[in-house]
Amino acid sequence: MTDIKTTSARTLRGQVAVVGVGETEYYKRGEAPDPEFKLALEAIVTACENAGISPTEIDGFTSYSNDRSDASRLAAALGIDDLRLANMQWGGGGGGGSAAIANASAAIATGGAECVVVFRALAQGQFGRFGQGPQRNTISGENAHTIPYGLMTPAQMFAMKVQRFMHDHGVEQAALRAISMASYHHAQHNPRAVMYGRPLTEEIYDESRWIVEPFHLYDCCQENDGAAAMILVSAERAKDFPHPPCYLLSAVSGSHHRAGAPVHNAPDYATSTFKTVAPRLYRMGGVEASDVDVLQSYENFTGGVMMSIVEHGFCHPDEVNEFFVNDRFLSPSGDLPLNTSGGNLAECYMHGLGLNIEAVRQIWGESTSQVNDAEVSMVISGPMVTPVSACIFGAESTI
Amino acid sequence: MNDYYLNQGLPKPVASPDGLDGPFWEAAQQGILKLQKCRGCGKFQWGPEWICHRCHSFDLGFSEVDASGRIYSYERVWHPVHPALKEQGAYLVVLVELPHADQVRMVGNLIGDAEQDVLIGSDVKAVYEHHPDDDPSHTLINWALTQ
Ligand SMILES: [Zn+2]
């Protein structure tokens, strides 16, 4: 057994491709006309139509963030004959978006499944919100050490990290604003976006209320209802589909030493959790930051986007104020087009799977804010949670 | 009127049913800071866990700690996310690093004007906010700048 053979067998690079994507209509939180499970089905069927296959060809499901649409119920509802993969990535928020793609791809690459759908569905009217504190008399466990002090929502959890990073590196509010401006700019070109027709100006941002310093209203993601899905098959099979193959170059997940230490005790605290993950992402993909043509970075809060862009090597932490300027992030003219569908801030908060779909559309040339000749398209999923994940898609020319 | 930092009505802390943090909450009601300490390697860890992350000993206890530290990070909350905080206005949450306990961190409120400038690195000391008449009775640990 040679080292080369072992090494080449242990990568996802070029082994799997996306052949179909789909989403439901995106709704404001609580406004979906349908239950969550039906939304999941609609997105999956739409993705199958986009790929030109019958839903019965699916033999695997992967998701994340404890998606409530059970794989076996989906398989039964869709009449699937031979379910081969039912996989859930641990962890909350959107940290699992690209990990669910990695898990699906690993199964396909190793013969565990042939045609896997990655999906995420959310109906908060049916199941309740993220951004509200719990209303009960007592609380125990880790939450007992934070909630009684009024620290109870994701915005409040992550503001603490971002504040420390901004302190350490002298980051100014305008850096966060540039991220929000990019998402809203791109949403004005995207009719699917919930914020389509609702442009943002610097003045509106500056005058918007604080949610929790350093986050203004426009630094925080929406909460939405809807569902999104993506169909993956092996690279060999991918040539027979309507779209040109969108190859997976890399997909990794994880977190650093004791990132999950309770009560804000991660030793390396002011981080997007990508310091150990990003080097593995680039190593598997065989690319560097400078090769990336277009970037989707999950905005739970703009501060996480900022730290994740730093930790993926696009910018030195002490040069954030110079790097995070509006024009850099706009498609097609900027040198790092960012969140080109409008992202979680302005397209839809589908726990980030919409970002992965947008990255694929960039490779296909189908984005509403298309980057010229996009060949390397990257996604950063769920900064600041643990585990996080990221992936890189490539056009035929990258293989 | 009372001396509580936050308006009443948030969930009240109780010891974890599995017993992991019971000694912490009991000590707090007596105005003492006790944190988890490993008998194997003598180091503190927080939040509490069943095993020491350094030496993997299961022999863990709770030790009293000098209840002073410095502000590692902070946030000023404006948007109320709980009905009890509707009339609260802004409030300050601090993450405090404890040099006497191997730099573990705790979350609490910073006593004083909610709109004060907060400086990361400032020295603080614990302020015990006792709620003896609540059901269940409990004590919160807040922080005040050291003059
Ligand atoms: Zn130990």
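Here, each number is a calculation from the coordinates, and none is a lab measurement. No experiment lies behind these values; they were computed from the predicted model shown. Positions of Cβ are backbone-derived with ideal geometry, glycine not excepted, and every protein chain shown enters the neighbour counts.
Worth a mention:
- Counting, for every residue in A:154-161, the Cβ atoms of other protein chains within 10 Å of its Cβ and taking the mean gives 4.
- For B:N109, net neighbour charge (Lys/Arg +1, Asp/Glu -1) across residues whose Cβ lies under 13 Å away: -3
- The calculated FRET efficiency for the pair A:A289 and A:E396, based on their C-beta separation and a Förster distance of 22 Å, comes to about 0.50.
- Net charge of the neighbourhood of A:T302, taken over other residues with C-beta under 14 Å away and scored Lys/Arg +1, Asp/Glu -1, is -4.
- GNM result for chain A, Cα springs below 10 Å: residue of A:G150, A:G111, A:G260 fluctuating most strongly: A:G150
- Once C-alpha pairs closer than 8 Å and six or more residues apart are averaged by separation and normalised to the residue number of segment A:209-319, the relative contact order reads 26 percent.
- Euclidean distance between Cα centres, segment A:44-73 to segment A:116-135, Å: 18 Å
- If the segment from A:E319 to A:D70 were pulled out straight at 0.36 nm per residue, it would be longer than the present Cα-Cα gap by 85.2 nm.
- Cα-Cα over 30 Å, subset of A:K38/B:K12; A:K161/B:K37; B:K12/B:K125; A:K275/B:K12: A:K38/B:K12; A:K275/B:K12
- Spin-label pair A:E142/B:K125, simplified geometry with 7 Å Cα→Cβ offset, distance in nm: 3.2 nm
- Here the relative contact order of segment B:22-145, from alpha carbon pairs under 8 Å that lie six or more residues apart, stands at 22 percent.
- A straight Cα-to-Cα reach below 19 Å connects B:K86 with the aspartates and glutamates A:E213, B:D3, B:E75, B:D113, B:E115, residues fewer than 8 places away in its own chain not being considered.
- The Cβ shell under 14 Å around A:S272 holds other residues with a net charge of -1, Lys and Arg each +1, Asp and Glu each -1.
- Point-to-point label distance, B:H53-B:A84, nm (Cα→Cβ direction, 7 Å offset): 2.8 nm
- As a rough guide to protection, the peptides A:85-92, A:202-209, A:113-120 ranked by mean Cβ packing within 10 Å, highest first, stand as A:113-120, A:85-92, A:202-209.
- Per-residue mean of C-beta atoms belonging to partner chains within 10 Å, peptide A:129-142: 5
- When the Gaussian network model of chain A links Cα atoms closer than 10 Å, the mean-square fluctuations of A:Q163, A:Q135, A:Q296 top out at A:Q135.
- Distance in nm between pseudo-label sites at B:Q103 and A:D335 (7 Å out along the Cβ direction from Cα): 3.5 nm
- Contact order normalised by residue count of segment B:36-85, Cα under 8 Å, 6+ apart, percent: 30 percent
- Helix axis angle, A:154-169 relative to chain A longest principal axis, alpha carbon, degrees: 70 degrees
- For the peptide B:13-23, the mean number of other protein chain Cβ atoms found within 10 angstrom of a residue's Cβ is 4.
- The distance from the alpha carbon centre of segment A:296-320 to that of segment B:56-87 is 27 Å, rounded to a whole number.
- C-alpha center-to-center spacing [segment A:78-99, segment B:90-136] in angstrom: 41 Å
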